[in-house]
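Take a look at the structure below.
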Amino acid sequence: MFSNLPPITKALLIANGLVFLLQLVIPEGALASFMLWPIGSGDDAYAYSQFLPWQVLTYGFMHDTGGLFHLMFNMLALLMFGAPLEHVWGDKRFLTYYLVCVVGAAVCQLLVGWWAMEQGGRAYPTVGASGGVFGLLLAYGMLFPNQRIMLLIPPIPMKARTLVIIYGVVELVLGITGRMPGVAHFAHLGGMLFGWLLIRYWRGQPPFGRGRGGPPRMRRVH
């Protein structure tokens with residue numbers, strides 16, 4: 001199955017796996033400048049790095065080395081949702097979409113991190129492909145809204161559109177209430193938001209005008 005994957009999905013899976021192995025053998029401090037640090041983190045004596053522009057992309061290929069679950073969940077979602085989207089969009093459009101979601105998630109996380117530091121909080125780095133993955137989930141729900149997906153835990157089948165709504169609401173509630181600290185909930189929402197905006201841009205829908213390039217409507221599978 002892996003040999004039949006579309007090229008960008010396969011490349012992203014390999015890149016994330018290789019970076020994870022690199023993180024296992026290189027001290028965390030040596031790679032700190034590739035994690036996403038809040039703006040102003042240079043003033044925190046406990047921070048390993050300050051914010052640097054390339055971090056809005058590089059953080060999306062790093063994962064928490066304390067356990068494999070973070071990496072495995074993201075790569076499973078990339079495999080499930082990324083491959084069908086790449087088959088529909090093609091490799092260039094798919095890669096553009098994924099990277100926009102990763103950067104969009106970083107922008108939202110930077111805003112949240114800056115606000116937290118203004119309130120006297122500590123500077124913590126963000127890593128993970130989740131922002132891009134949540135963007136893929138959003139796109140999958142928009143292009144294949146009635147496709148049934150079987151959840152792993154609990155094993156309940158539901159339509160892709162329903163799954164997107166549930167995940168979006170849960171992330172928003174957890175982000176506002178802070179009930180699950182240590183997870184960048186607003187980065188997940190940022191990936192979905194920027195993905196939604198890009199799809200509407202391609203379709204020529206509000207808040208964007210028509211004639212912006214790309215097909216006015218993308219194929220949906222019911």
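If I go through the range 13-29 residue by residue, how many of them are surrounded by 11 or more Cβ atoms within 10 Å (Cβ to Cβ) and either touching a Gly at 6+ places or on another chain (Cβ under 7 Å) or modelled with pLDDT under 90 (or both)?
Counting residues in the range 13-29 that are surrounded by 11 or more Cβ atoms within 10 Å (Cβ to Cβ) and either touching a Gly at 6+ places or on another chain (Cβ under 7 Å) or modelled with pLDDT under 90 (or both) gives 1.
Which ones in the range 145-188 are among the charged types (D, E, K, R) and closer than 16 Å to H70 by Cβ?
Passing the criteria: only E171.
Can you tell me which of (1) surrounded by fewer than 19 Cβ atoms within 10 Å (Cβ to Cβ); (2) touching a strand residue (DSSP E or B) at 6+ places or on another chain (Cβ under 8 Å) is the one K92 doesn't meet?
(2)
What are the residues in the range 81-115 that are of a type in the set (G, A, S) and closer than 20 Å to T58 by Cβ, if any?
Correct list: G82, G104, A105, A106, G113.
Would you pick out the residues in the range 168-196 that are outside any helix (DSSP H, G or I) and not β-branched (V, I, T)?
Result: G178, R179, M180, P181, G182, A184.
Give me the pairs, please: first residue somewhere in the range 164-182 and exposed (fewer than 13 other Cβ atoms within 10 Å of the Cβ), second residue anywhere and basic (K, R) and part of a loop (DSSP other than H, G, I, E, B), beta-carbon distance under 9 Å, and either six or more positions apart or on two chains.
That search, which allows pairs on different chains as well, returns V173/R179.
Taking the residues in the range 112-152 that are in a loop (DSSP other than H, G, I, E, B) and closer than 14 Å to I166 by Cα as candidates, determine which candidate is modelled with the highest pLDDT.
The extreme case among them is P145.
Given the criterion in contact with a strand residue (DSSP E or B) (Cβ under 6 Å, 6 or more places away or on another chain), of a type in the set (S, T, N, Q), within 17 Å of A187 (Cβ to Cβ) and free of Cβ contacts under 8 Å to residues at least 60 places away in the same chain, identify the matching residue among Q55, Q109.
Just one listed residue meets the conditions, Q55.
Can you work out which of the residues in the range 62-105 that are small (G, A, S) and outside any helix (DSSP H, G or I) is nearest to L193 (Cα to Cα)?
This residue is G90.
Among (1) under 28 Å from W114 (Cβ atoms); (2) small (G, A, S); (3) crowded, with 19+ Cβ neighbours inside 10 Å, there is one condition A83 misses while meeting the rest; what is its number?
Condition (1) is where A83 drops out.
Answer with yes or no whether Y48 is more than 28 Å from A139 (Cα to Cα) and either of a type in the set (F, W, Y) or at pLDDT 95 or above (or both).
For Y48, the condition - more than 28 Å from A139 (Cα to Cα) and either of a type in the set (F, W, Y) or at pLDDT 95 or above (or both) - is met.
So in the range 32-45, with the set limited to residues that are in contact with a Leu (Cβ under 7 Å, 6 or more places away or on another chain) and surrounded by fewer than 18 Cβ atoms within 10 Å (Cβ to Cβ), which one is modelled with the lowest pLDDT?
Among residues in the range 32-45 that are in contact with a Leu (Cβ under 7 Å, 6 or more places away or on another chain) and surrounded by fewer than 18 Cβ atoms within 10 Å (Cβ to Cβ), the one modelled with the lowest pLDDT is I39.
The values are calculated or read from the model by the stated rules, or taken from the named source; none is laboratory data. It should be emphasised that the depicted structure is a prediction, and the values quoted were computed from it without experimental measurement. In this analysis, Cβ positions are derived from the backbone assuming ideal geometry, glycine residues included, and neighbour counts consider all displayed protein chains.
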